[in-house]
Amino acid sequence: MSVELPLWRALTGYRILTLVYAVAIFSLNYREYAHPLGGAAYMAALTAWMVLTWRWTTSAERCTRRFLFGDLAFAVAGILLTPIVDTHARIAGGAPTLPSIWTAGAALGFAIKGGWRWAAGASSVVAVANLVERQEFARDTVHNVLLVWVASVAIGYVVEVARASERTLARALQIEAATRERERLARDIHDSVLQVLAMVQRRGAALGGEAAELGRMAGEQEVALRTLVSSGLVPAQRPVPSPGAADAAYEDGAADGPSYGDNCVPEGQEGLADEPCDVRALLAPHAGAGVTFSEPGAPVLLPAARAAELAAAVSAALDNVRVHAGAGAHAWILVEDEPEAVIVTVRDDGPGIPEGRLADAEREGRLGVALSIRGRLRDLGGSAEWVSVPGQGTEVELTVPKGGTPEGGRRGEAGV
């Protein structure tokens, strides 16, 4: 809902209530007017105007400039008609004008529609009409004029600030949505295209000959694609790797090993993405000679889409173990089913990660950890925490809440 809509509703209510007040005041003092029939004719016209136009102040689209000027004309006409239908003694004694406080509604309409400048212009017209009606700078008249002028200008300024804030918020939401979509696409690219290019470069360098040239070209395309998917992170420039260079490091993942898509439901049954899925069934295939898998005795259930994202993050962590720790390294996967979350710990006995290496990798555009692991968990409202001691291996703790996805994550992002 627009921030202006409550203001328009309030203005509609104000105009109706002040009309009832003005009619009541006129009725109570009817016999004291010099020409009561003239005053009654104006009040009848004002009431008819309100009945015909009350919906025009319910939204900015309905409230046109023509209506605002017509409303202001009714207010000014009532003020200037007061000396004709009322006695001089009553006017000198501070008796209200025919429209009374209803005239402030006309100035407030200009304030909400056009901001403080429009409000200042409309209030000034009302002020001049009041001074002409009283024919002197009486204290109560000046007080009422200043009150209407200040109130309408202040409300007009608040409306302008609210509109600017609403535009800023809308732009921020658009940027956030675009950033999340870019990260999602970058994860998919990292899990497929980038890993294949890394494998081609590595295998080509090992085979030599024409295959080495093909591997070198794959490496160039990999660097270009990394720079593209990491746009906005201002990656540091780095040279194209040579055919013999090792292009896959811990923070970048590997081409080998299983990977998962955006969900674990069968194709054509995306409506089952919220159905319970046993995380153990997705992680059990990783078990082997080099990977020890430990699981609870009971099913560990998560919505299918969440379980698939968690499995993909575990797969990326194991890819990093194979590439960084070497073929002889051993890995352990531990699944824990907590009341509020599912925690999966991936530990290896490799050489560990040098301090600050993950942050450097992200600046260089190597986003395996930033997107395939940390980004996935953040989008699920969870977190990914690294504990690494050089020479003693690395431990990655992946936490996914069982409930809905909180905005910005439940525990936030954690570094090394």
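The values are calculated or read from the model by the stated rules, or taken from the named source; none is laboratory data. Every value quoted in this text rests on a predicted model; they were computed, and no experiment measured them. Ideal geometry is used to build each Cβ from the backbone, glycine not excepted, and the neighbour counts take in all protein chains shown. These accessible areas exclude ligands, DNA and RNA; they are computed on the full protein's heavy atoms, side chains included. Shrake-Rupley method; radii C 1.70, N 1.55, O 1.52, S 1.80 Å.
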Can you work out which of the residues in the stretch 48-81 that are more than 15 Å from Tyr14 (Cα to Cα) and among the β-branched types (Val, Ile, Thr) is most open to solvent (accessible area, probe 1.4 Å)?
Thr64
Can you tell me which residue among Ile101, Ile112, Ile84 is under 27 Å from Glu160 (Cα atoms) and surrounded by fewer than 19 Cβ atoms within 10 Å (Cβ to Cβ)?
Ile101
Working only within the stretch 295-329, note down all residues that are under 33 Å from the mean Cα position of the chain (by Cα) and either on the phi > 0 side of the Ramachandran plot or among the polar types (S, T, N, Q) (or both).
Ser315
Pairs needed: first member in the stretch 101-117, free of Cβ contacts under 8 Å to residues at least 12 places away in the same chain; second member anywhere, open to solvent by less than 10 Å² (accessible area, probe 1.4 Å); C-beta distance under 7 Å; at least 6 residues apart or different chains.
none
Scan (1) touching a Lys or Arg at 6+ places or on another chain (Cβ under 8 Å); (2) more than 29 Å from Pro6 (Cβ to Cβ) for the single condition Met50 breaks and write down its number.
(2)
Answer yes or no as to whether Arg90 is farther than 26 Å from His35 by Cα and open to solvent by 10 Å² or more (accessible area, probe 1.4 Å).
no
Filter result (in contact with a Phe, Trp or Tyr (Cβ under 6 Å, 6 or more places away or on another chain), in a helix (DSSP H, G or I) and among the aliphatic types (A, V, I, L, M)) within the stretch 305-357:
Ala308, Ala311, Ala312
Can you go through Leu228, Leu185, Leu146, Leu194 and tell me which one is assigned to a helix (DSSP H, G or I), out of contact with any His (no Cβ under 9 Å at 6 or more places or on another chain) and either of a type in the set (D, E, K, R) or modelled with pLDDT of 80 or more (or both)?
Leu146
Condition broken by Ile101, with the remaining ones in (1) at pLDDT below 90; (2) more than 18 Å from Ala151 (Cα to Cα); (3) in contact with a Ser or Thr (Cβ under 7 Å, 6 or more places away or on another chain) satisfied
(2)
Under 8 Å between Cβ atoms, at least 6 apart or on separate chains: pull out the pairs that start in the stretch 142-154 with a residue that is in contact (Cβ under 8 Å) with a residue 40 or more places away in the chain and more than 23 Å from Ala92 (Cβ to Cβ) and end on any residue that is assigned to a helix (DSSP H, G or I) and among the basic types (Lys, Arg).
none
What number of residues within the stretch 312-323 satisfy the criterion of being buried (at least 23 other Cβ atoms within 10 Å of the Cβ) and touching a strand residue (DSSP E or B) at 6+ places or on another chain (Cβ under 9 Å)?
6
